[in-house]
Structure formats: structure tokens, C-alpha cells
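See structure below.
What follows is calculated from the coordinates using simple rules that are stated; it is not laboratory data. Quantities reported herein were computed from a predicted structural model and do not represent experimental measurements. Backbone-built Cβ (ideal geometry, glycine too); neighbour counts: all protein chains shown.
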Amino acid sequence: MARTIIATAAIQNLLGGEERVHQARKPDIVADAAYAIFNTPARDLTGQFLIDDSFLASRGVADFEHYRVDPTKDLAADFFLPADSAQPPTSHTVETYGDRR
């Protein structure tokens, strides 16, 4: 698994168009990470640099497939994070936050 871009208006309008959006993850991954962050005591996160997938993985999320915009397309690599940044583990457990799904 590679770090991936998030399907935002900036990706669609400035950095690749509709094709690139289909190679991205849904913004839901960021929303789920934010929800988990807001439900974690601040003292537990102070001074940390958090990446959505790694943070969610540390909270038990192991299956990120439901975040893909188009499961038939290869994911595009994120261009803001170093390629050697630690990747979350993979498996088939799904955990979601809130009632948005």
C-alpha cells in the first residue's frame, strides 16, 4: 500500500482532473481520522505528526478499501509525504467512526 492522494477539488481542478480523482481515496478517511483525533485526549497526541491512515491503523482500522474512490483504479501516490514514511498494516478488519457510512 502506498500513501495516496485524497479526492479534493484541488486534485480535480488543479492537479490532474477527473482521472486523478478516480485514483484517490475519499475525503472520508480524513474525516474519520479527525473524528478519532477529537475523541482522543490532547495529552496523548501532543507533539505528534499524524497521518490519516497510520493514525486510523493505530486505532484498529485495518481495511482501507472502502475509502477508495474507484476500486478498479490503481491509487496515485501522495506527493506531500515521503515515500519511506511508515505504512499502516493491512488486513480485512473494518472499523468506521460515526454514523456517516
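Determine the sum of side-chain charges near residue 7: Lys and Arg each +1, Asp and Glu each -1, restricted to other residues whose C-beta is under 9 angstrom from that of residue 7.
+3
To the nearest 0.05, what FRET efficiency results for residue 65 and residue 10 with a Förster distance of 35 Å applied to their C-beta separation?
Step by step, r from the Cβ atoms, then E = 0.90.
How do 17-28, 65-76 rank on mean C-beta neighbours within 10 Å, highest first?
17-28, 65-76
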